[in-house]
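The values are calculated or read from the model by the stated rules, or taken from the named source; none is laboratory data. Model, not experiment: these values are computed from the prediction. Here the Cβ positions follow ideal geometry from the backbone for every residue, glycine too, while neighbour counts run over all protein chains shown. Ligands, DNA and RNA are excluded from the accessible area calculation, which covers all protein heavy atoms including side chains. Shrake-Rupley method; radii C 1.70, N 1.55, O 1.52, S 1.80 Å.
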Amino acid sequence: MLDKLTKTQAWTILGLIWLVSNLCDRLWLILDRSVPAWDQSNHLTNSLHYLHSLQSSQFLNGEWWRSFWMISTKYPPLTYINAAIFQQIFGRGNDGALLTNLLYSAVLLISVYTIGKTLFNPQIGLWAAGLTMLLPRLYQTRLQFLLDTPSMTLTVACFCCLTVWRSQKTERRQWLWAFIFGIVWGLALLTKQSVMFFLIVPLLWLVLSHLSQRHWQRITQLVFSFLISIPIWFPWYRTNWIYLFSTAQNSNAIPAAYEGDPAVNTLAAWTYYWKDLPLAISWVLLIVPLVGLLLHLLGRFPRIKDNNHSPIQGLVWLGIYCLGAYIICSAIYNKDTRYIMPYLPVLAIFLAYCLTLWRGKWKTIRWITVGVAFFVMCANLFPIAGTDKLTLALSPGVLFRPYLGQEIPNAELIETVREIAPYQKTTLGVIVNTDTVNHNTLNYFGALANNQIYGRELGTKAEEVEQDGRSLDWFVTKTGENGFARDTQLALANQLEKDVQFKLIKNWQLPDDSILKLFKRKIPTVAVQPLSQMRERVQLDRVIVPDKIPPGFPVPITYEWSGSGKQLKSGLVLLTWQSQNHLEKEAFWIHDRGIGMGMLHENLSSNSAFKVIENTAMLPARNLPPGEYQLSAIYLNRETGESYPISVPNVTITLDPAALPVSAPVLDLVTQLRQLSLNLAQGVDGLDPIFEQVDRLNQYDPLQDYLKQAQFTLNYRLKHNLGNHKLDWTYGLALSQALQEDAQGAIATLKQLIQLDPNNPYHHAYLAFVYLYNWQPKAAETALKPALQLAPHIEEIKALDGIAAVMQGNFIKGWKILQLIVNS
């Protein structure tokens, strides 16, 4: 039936394969009532963030592009961008995002068909396309919103372009396909970095073979393809390259150790994916084609007549791709059956070739095999009575059925939080860690709810969990099985049941009869209430603070602000507690930050008035002289730059070293950041506590708005307040800019820091590091010269000098410096 086909008939069959496979997918999704698990929820959340960014796009604004690329710092964003566009058209959510598979499956089918047609003939291309849609690993994965299907599709598309390019005889068509390959290569690299695991061996093979034959034009065409790809992938990698080192560690060694994957020097590591083949392909699609190949080699089938096209070269080319991918993926410590997916469609082409070897009276075996594979797919995906044992025998693994049971109340939980705190952005401390209720899933449902609720995982160490318990106002717990939740986290969950500071808001019964519980702090850090009387300017109506406190300890304080929604949302306040002793003008402390800690939601109406109550703490410095201190306040609009003084209640506080400390909540995040920034003076020893704590602060403020608050307020202070606090404030400003990856701003601030204290070698080293991050190695080398003179013994400074040399192409100098460090 497929032996003699016109081009139109071939494309019609491809279209039917595409239609049937996607109809099966959509039927499965219609029936399924499950919620996305950990990874799926995380990817869906990123797609919603890109959707939000695209809806407020400013394509001519360089800063918008920088923030756009930084939405996803771990994974390249093409999958998220595509899903954002589809969700804008078809509606937000998992099913809308998975409509992108209509595009990906079409590209995959065309790529597989084209490879098969180019290497063998159109019939093998069509069989391969059909088999690709019947591979269990592929149809199970494409029902989940993951990066694996897009990265597999574009990897195979790249291999398709290479295959067609190498087959071209005319110079014009060679350059055309080199150009097409460059475009697809760029899109693939903008989907996932691991695409190179599959392309590197075929590319090296082509380069070496053309070098040996002195085909310089072919080499030039491959270089041309790479140059074409650069504008597509470079902006994201240029913005986020600093994260690639931690991504490699976090996605390889750490998960592998946690999951108990076999070490690279063991046989189990090299047979891991070999043993996975029956699960990925199914026995029916693995055994029948291989038996066909064996019988063909034994001469049991009629000889192929009128075949002028030798299959050997095509099989070798497929082998180069598959074997290279297998070796590289096996050599990687972290093993996951999804990671090696891009070699399965190419393996399907080989299996299709083997399947077509069933000739003569045995030709019907091809159709019987495909028919059985289609039945297995349907029985694997849908609950057909009496088929489970047969399906698992033919396709071992798991039955991937839609969930038809009771809906998980994630959306109800999110809506409950929104009803209680309608004008705030809320962070949930999620102690539950199951596949249906976890921090990523609740974060995703919070993103669906107008980006108002954020789910965050608690720390694992006892001290981190204790800090989380004091810093967060909302917690989600569950009775019974809690999945991957740690003992320290579960201890906090048990404590919430009897903690007088928290109250149970609501609980829900889950399908396994466990109870999902939502807790809220009785006296929240921020509370927002609507007012009936409109107030244009922000007012400070009330301040509650102890009369007498010792310096150097956190002080509990309550502020009550009122004003229009527009002014409150954009408002920063610069609060100064100044000594009343006129001889001590430098005796004061500050408590600057955003109104509502920057967690006021965009739905605060600009035409309505609101009251914002903050229950927080401030920190008078330990070296402040005793006496009375009085509050003054300035309002600063972060959007317009407008500022004006705020009248304050007549409130004073007395610093008395003999007074007893008062129980206080945790310090606000901006104050914590300013305190942490003082560690910058210590260099490397001071960086560890900074990054450990910043990691926790970022959990409490998922948008990291506290960094912007610190940047705006400290900039204002440094412009309007001079005195002995300038060095400390410059540390805070530099840290806030560095953590926002604002290279130009950090460079300017670090230069000011050097002017204030030129004898600290770490100030010069920080400047050099930011220059290196910003790909300015020559400037970094210049910045390091004073540091090397001040502290030639510090290895980290010498390492930066070596990196600067390497980035300038001076590999010999760089190697010498780095070698000395390693040997010291």
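For the stretch 302-338, give me each residue that is touching a helix residue (DSSP H, G or I) at 6+ places or on another chain (Cβ under 6 Å) and part of a loop (DSSP other than H, G, I, E, B). Scanning the stretch 302-338 gives 302, 333, 334, 335, 337, 338. Annotation note: of 551, 530, the sole residue that is open to solvent by less than 30 Å² (accessible area, probe 1.4 Å), out of contact with any helix residue (DSSP H, G or I) (no Cβ under 7 Å at 6 or more places or on another chain) and either part of a helix (DSSP H, G or I) or not small (Gly, Ala, Ser) (or both) is 551.
Against the conditions (1) surrounded by 23 or more Cβ atoms within 10 Å (Cβ to Cβ); (2) under 28 Å from residue 805 (Cα atoms), residue 732 satisfies every one except (2). Taking the criterion of being closer than 30 Å to residue 664 by Cβ, open to solvent by less than 50 Å² (accessible area, probe 1.4 Å) and out of contact with any Phe, Trp or Tyr (no Cβ under 9 Å at 6 or more places or on another chain), the residues of the stretch 500-527 that qualify are 525, 526, 527. Quick one: is residue 460 surrounded by fewer than 18 Cβ atoms within 10 Å (Cβ to Cβ), of a type in the set (S, T, N, Q) and under 24 Å from the mean Cα position of the chain (by Cα)? Considered against the rule, which asks whether it is surrounded by fewer than 18 Cβ atoms within 10 Å (Cβ to Cβ), of a type in the set (S, T, N, Q) and under 24 Å from the mean Cα position of the chain (by Cα), residue 460 comes out as yes. Filtered by the rule that a residue be surrounded by fewer than 21 Cβ atoms within 10 Å (Cβ to Cβ) and on the phi > 0 side of the Ramachandran plot, the stretch 585-630 gives a lone residue, 627.
Collect the residues in the stretch 467-499 that are aromatic (Phe, Trp, Tyr) and either open to solvent by 50 Å² or more (accessible area, probe 1.4 Å) or touching an Asp or Glu at 6+ places or on another chain (Cβ under 8 Å) (or both), keeping them in residue-number order. If the condition is that a residue be aromatic (Phe, Trp, Tyr) and either open to solvent by 50 Å² or more (accessible area, probe 1.4 Å) or touching an Asp or Glu at 6+ places or on another chain (Cβ under 8 Å) (or both), then 484 is the only one that fits. Set side by side, the residues 718, 753 differ, and just one is over 21 Å from residue 242 (Cβ atoms), more than 25 Å from the chain's Cα centre (by Cα) and hydrophobic (A, V, I, L, M, F, W, C), which is 718. If the condition is being open to solvent by less than 60 Å² (accessible area, probe 1.4 Å) and either touching a strand residue (DSSP E or B) at 6+ places or on another chain (Cβ under 8 Å) or of a type in the set (Ser, Thr, Tyr) (or both), then the stretch 772-793 contributes only 773. Checking 556, 550 one by one, the residue that is closer than 23 Å to residue 594 by Cα and either touching a Pro at 6+ places or on another chain (Cβ under 7 Å) or of a type outside the set (Lys, Arg) (or both) is 556 and no other. Mind checking whether some residue in the stretch 506-514 is more than 30 Å from residue 93 (Cβ to Cβ) and of a type outside the set (A, V, I, L, M)? Within the stretch 506-514 (the criterion being more than 30 Å from residue 93 (Cβ to Cβ) and of a type outside the set (A, V, I, L, M)), the answer is no, since none of the residues qualifies. For residue 693, the criteria (1) within 19 Å of residue 593 (Cα to Cα); (2) touching a Leu at 6+ places or on another chain (Cβ under 6 Å); (3) buried (at least 20 other Cβ atoms within 10 Å of the Cβ) hold in every case but one, which is (3). The residues of the stretch 404-415 that are surrounded by fewer than 17 Cβ atoms within 10 Å (Cβ to Cβ) and modelled with pLDDT of 95 or more, listed by number, are 411, 412, 415. Residues that are touching an Asp or Glu at 6+ places or on another chain (Cβ under 6 Å), at pLDDT 95 or above and hydrophobic (A, V, I, L, M, F, W, C) do occur in the stretch 656-677.
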